[in-house]
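Below you'll find the structure, written out as structure tokens, and then a few comments.
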Amino acid sequence: MPSHKLKHTTVGLFFVSLMFPLTGLAITLIIQQQDISSVETTILVSRSNVNVRVNQTFAVNIDVSGVSDLYGWAFKLGYNTSTLELVNVAEGSFLNNSRDTYFVSKVMSTDGYILVGCTSLGNIAGVNGNGTIASIEFRSLSMGNCTLDLYDTKLVSSNRQLMSHVATGGVVFVTIQGDVTGSNGYPDFKVDMRDIGAICSKFGATPPSPKWDPNYDINDDGIINMRDIGIACSNFGKHYP
Ligand SMILES: [Ca+2]
């Protein structure tokens, strides 16, 4: 091999050996960045939409996900007082599984919101991961949909720093039993073949199957089956208003 070709090959190999570790490092950094962004810290209403009938008592959980060193938290949850009545507010297990906590809630029913807060007690580290921080029980008063507006949310670390996070609320549909969906994918206050077909498509589902959706378990017995289809069929053609 002529010497100038040998020189080119050596220089080429030198750059390849330089580039591959860099490429490997770059890929590792990209993967690490994706890992960080995929565990976004969130506080959320655990079910984005909840279907109930009039005069039903039901609970929604407020969850956190992707938290690290969570020592305390607070939120406001707004709701429509002509559609829902607040029954009870309880602390979830996320913090008090591992420590003593101080939990407080105040119902501002005339303004249509509740204020809830909780802190760990003692000089201890916060909690990591996902879990339920509060459970809110409502009773449905009248037909309609009601936004559960989660706002003024605060997540506090053990060194009393506020964590950046996103907050996601939910919607409650107070509708006819068997009205599970409509043309936009949400209940439309009428029970028609779209609803019956949708329940049939989840036939046999139980938690934690990916097909499972508690909104389709009309009689709340933990399985979507003929009993649920039967209830929807008995309400076939009903609508509101
Ligand atoms: Ca419907």
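The values are calculated or read from the model by the stated rules, or taken from the named source; none is laboratory data. This one's a predicted model, so the numbers in the text were calculated from it and none came from an experiment. Glycine also receives a Cβ, built like all others from the backbone with ideal geometry; neighbour counts cover every protein chain displayed.
Within the stretch 126-144, can one find any residue that is under 20 Å from Ser109 (Cα atoms), within 16 Å of the ligand (Cβ to nearest atom) and at pLDDT 95 or above? Working first, answer last.
Looking only at the stretch 126-144, we keep the residues that are under 20 Å from Ser109 (Cα atoms), and these are 134-144.
Of the ones still in play, those that are also within 16 Å of the ligand (Cβ to nearest atom) are 143-144.
From what is left, the residues that are at pLDDT 95 or above are 143-144.
Yes, there is a match, as at least one residue in the stretch 126-144 is under 20 Å from Ser109 (Cα atoms), within 16 Å of the ligand (Cβ to nearest atom) and at pLDDT 95 or above.
How about the stretch 124-181: which strands (runs of 3 or more DSSP E) wholly inside it have at least 1 residues that are among the acidic types (Asp, Glu) and surrounded by fewer than 18 Cβ atoms within 10 Å (Cβ to Cβ)?
Working: elements: 127-140, 144-157, 166-168, 170-174.
Result: 127-140, 144-157.
Cβ-Cβ distance below 9 Å, separation of 6 or more or different chains: which pairs start in the stretch 67-87 with a residue that is assigned by TED's automatic domain parsing to the domain that holds Arg160 and under 19 Å from Lys154 (Cβ atoms) and end on one that is aromatic (Phe, Trp, Tyr) and surrounded by fewer than 17 Cβ atoms within 10 Å (Cβ to Cβ)?
Sorted first by the residue in the stretch 67-87, then by its partner, the pairs are Gly72/Tyr102; Phe75/Tyr151; Lys76/Tyr151; Leu77/Tyr151; Gly78/Tyr151.
Output the residue which, of all residues in the stretch 174-215 that are among the hydrophobic types (A, V, I, L, M, F, W, C) and within 10 Å of the ligand (Cβ to nearest atom), is farthest from Asn51 (Cα to Cα).
Residues of the stretch 174-215 that are among the hydrophobic types (A, V, I, L, M, F, W, C), as a first pass: 174, 176, 180, 189, 191, 193, 196, 198-200, 203, 205, 212.
So of that shortlist, the ones also within 10 Å of the ligand (Cβ to nearest atom) come out as 176, 180, 189, 191, 193, 196, 198.
Working: Ile176: 9, Val180: 7, Phe189: 11, Val191: 13, Met193: 18, Ile196: 15, Ala198: 14 Å.
Among residues in the stretch 174-215 that are among the hydrophobic types (A, V, I, L, M, F, W, C) and within 10 Å of the ligand (Cβ to nearest atom), the one farthest from Asn51 (Cα to Cα) is Met193.
Can you confirm whether Tyr240 is more than 12 Å from the ligand (Cβ to nearest atom) and of a type outside the set (Lys, Arg)?
Working: more than 12 Å from the ligand (Cβ to nearest atom): no; of a type outside the set (Lys, Arg): yes.
The answer is no for Tyr240.
Test Gly185 against the stated conditions and say whether it is modelled with pLDDT under 95, small (Gly, Ala, Ser) and either in contact with a strand residue (DSSP E or B) (Cβ under 9 Å, 6 or more places away or on another chain) or on the phi > 0 side of the Ramachandran plot (or both). If you could, list the steps in order and put the result at the bottom.
On the way: modelled with pLDDT under 95: yes; small (Gly, Ala, Ser): yes; either in contact with a strand residue (DSSP E or B) (Cβ under 9 Å, 6 or more places away or on another chain) or on the phi > 0 side of the Ramachandran plot (or both): yes.
Yes, satisfied.
Are any residues in the stretch 182-201 assigned to a loop (DSSP other than H, G, I, E, B) and buried (at least 19 other Cβ atoms within 10 Å of the Cβ), and if so, which ones?
The initial filter retains those residues of the stretch 182-201 that are assigned to a loop (DSSP other than H, G, I, E, B), namely 182-189, 191-192.
Scanning the stretch 182-201 gives Pro187, Asp188, Val191.
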